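The values are calculated or read from the model by the stated rules, or taken from the named source; none is laboratory data. Because the structure is predicted, anything quoted here is derived from the model rather than measured. When we count neighbours, we look across all protein chains shown, and the Cβ atoms used for this are built from the backbone with ideal geometry, even at glycine. Just so you know, the surface numbers come from the protein's heavy atoms only, side chains and all, with ligands and any DNA or RNA stripped out. Shrake-Rupley method; radii C 1.70, N 1.55, O 1.52, S 1.80 Å.
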Amino acid sequence: MTLLAPYRVLDLTGPLGFLAGKVLADLGADVIKVEPPGGDPSRGWPPHRPARDGTGPEGLFWGACNAGKRGITLDLETDEGRRTLGRLAARVDFLIESFAPGTLESWGLGPGALRRLNPGLIVVSITPGPYRDYLAFDLELMALSGAMSLAGDAEGEPMRISVPQAPMWVGVEAAMGALTALAHRSSTRRGQQVDVSAQAAVLSALAHAPTFWDMSGVNPQRAGLFITGRSVTGAEMRAFWRCRDGWLNFILYGGAAGRHTNRELVAWMKERGMAPEWMEGLDWSQFEVTTLTQGDVDRLEAPIGAFLATLTKREFLDGVVQRGMLGYPVSTVAEIHQDEQLRARGFWQDVPDGAGATLRHPGGFALVNGQRLAVRAGAPRLGEHNREVLQELARPEG
């Protein structure tokens, strides 16, 4: 499935923008990743796999975020490299970059110059936010956006998620902006400049936070295993529970779905002889979480926790599916790899790496008319497509 097959993309991003080009490549665009002659530094970021050309280890982050792209090297410190960049910009539909602001202008390739070269060019610029002259990646952006302040235990330190999250949010927002500009171009024939703030992109993950103030007049805080802001009394409700072989996600809900879940949970507990008599007598049709006090929550959660601790992840999943309940085991990375839902949807894709081996990649993000968006190739070797791209550049357009 190659939805964007007619379009070409010049990817000049660093790690903060890799995913934007990856999304367009998954959609079928011809994405040309431009690196300096010595390669992008993130090629060497751990974890590693042996390099295909024998030059040293190759970072899995690089390989994952640049699969499906062609790769060339340009020395943009030289006039010749900048002239070649200009010639490429005249031939493509998108240019995605994450240079320090003013860099393209210093090369004579600012918005006005690019517009003269290619009136239909869509330029997507990614910066770390209003502090655009600062350098930042995942750690700084998670702190800058406020996301880090909400992760971790209430009395503990702010935490970050182990796998970088900021570049994922930024890349998706940049790709969305690029495609929106493409829709505009289809009716006007004019390109646009899309400016993506990395801080604002990560902040979108916290879009629900203002409702805390609207509901209870407090700002959200770190709560660890618990969820806050669901009751006007300030009660905290547990979201993660120990089970026999890991963790489960379950929380007391109100509304029609929550009331059904609560009734089924009590029935399940009764089958196992673990439902207190007072819990069996509750009228779940009148149950609402918004007015629960902490005492109410603690009384409900004590027998629930004791019951869930007797189950395995598989037993819990089978039980909630059978009973139509809300809840799910907390999957480890190894469990995700074996997940039957992803396997049934053909999510994983074994991609040749160009050196006689294959790497397993997550497939494209969607099925379109029943077909998985394909990862067409592994990440390019350094300068792998230099000759190919430059030969294309030498041919007359049309």
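Please work out the Cα center distance from segment 313-367 to segment 237-299, rounded to the nearest Å.
28 Å
With a probe of 1.4 Å, find how much accessible area the chain has per residue, and write the answer as a whole number in Å².
Spelled out: the 1.4 Å probe surface of the chain, per residue, equals 51 Å².
Nearest-5 percent of antiparallel DSSP beta bridges in the chain?
Restricted to the chain, the bridges split so that about 45 percent are antiparallel.
Send over the Kirkwood Rh of the chain, from the inverse of the averaged 1/r over different Cα pairs, rounded to one decimal Å.
Computed over Cα pairs of the chain, the Kirkwood hydrodynamic radius comes out at 24.3 Å.
Of the chymotrypsin sites (Phe, Trp or Tyr not before Pro) in segment 330-398, which ones lie in a loop per DSSP and count no more than 15 other C-beta atoms within 10 Å?
PHE365
So which residue, out of ALA147, ALA366, ALA302, gets the largest mean-square fluctuation from a GNM of the chain using Cα contacts under 10 Å as springs?
Result for the chain, Cα springs under 10 Å: ALA302 fluctuates most.
Below 8 Å between Cα atoms, with a sequence gap of 6+, how large is the relative contact order for the chain in percent?
Normalised by residue count, the contact order of the chain is 18 percent.
What list of ³J(HN,Hα) values in whole Hz, one per residue of segment 179-196 in order, does the Karplus curve 6.51 cos²θ - 1.76 cosθ + 1.60 (θ = phi - 60°) give from phi, with Gly and Pro shown as x?
6, 5, 5, 5, 4, 5, 5, 5, 9, 10, 6, 10, x, 9, 9, 9, 9, 10
Once Rh is set to the Kirkwood radius over Cα pairs, what Stokes-Einstein translational diffusion coefficient, in µm²/s, holds for segment 21-156 at a temperature of 25 °C and a viscosity of 0.890 mPa s?
For the chosen part, D equals 141 µm²/s.
Rolling a 1.4 angstrom probe over the protein chains, ignoring ligands and nucleic acids, what is the accessible area of SER186 in square angstrom, nearest 10?
Surface open to solvent at SER186 totals about 100 Å².
Connecting C-alpha atoms closer than 10 Å in a GNM of the chain, tell me which of MET279, MET142, MET159 has the biggest fluctuation.
Per the Cα network of the chain with a 10 Å cutoff, MET279 tops the list.
Where the Cα atoms of segment 109-171 are projected onto their three principal axes, how long is each span, largest first, in whole Å?
57, 20, 13
Leaving ligands and nucleic acids out of the surface, order PHE99, PHE287 by accessible area at 1.4 Å, largest first.
PHE99, PHE287
Count the lysine pairs in the chain whose Cα atoms sit under 29 Å apart, keeping only pairs 8 or more residues apart in sequence or on different chains.
4
I'd like the accessible area for HIS337, computed on protein heavy atoms only with a 1.4 Å probe and all protein chains in place. Round to 10 Å², please.
70 Å²
So what are the radius of gyration and Dmax for the Cα set of segment 85-215, in Å?
Taking only Cα atoms of segment 85-215, I get Rg and Dmax of 17.6, 57 Å.
Please identify, among GLN371, GLN193, GLN165, the residue showing maximal mean-square fluctuation in a Gaussian network model of the chain using a 10 angstrom Cα cutoff.
Evaluated over the chain, the most mobile residue of the options is GLN371.
With point charges of +1 on the Cβ of Lys and Arg and -1 on the Cβ of Asp and Glu, referenced to the Cα centre of the chain, which listed residue (GLY364, PRO158, SER285) lies farthest in the positive direction of the dipole?
GLY364
Along the principal axes of its C-alpha atoms, what lengths does segment 142-184 span, in descending order and rounded to whole Å?
49, 17, 12
Give me the compactness ratio for segment 259-398, meaning the Cα radius of gyration over 2.2 N^0.38 Å.
This ratio for segment 259-398 stands at 1.80.
At a 1.4 Å probe radius, carbon and sulfur cover how many percent of the accessible area of the chain?
In the chain, the share of accessible area belonging to carbon and sulfur is 55 percent.
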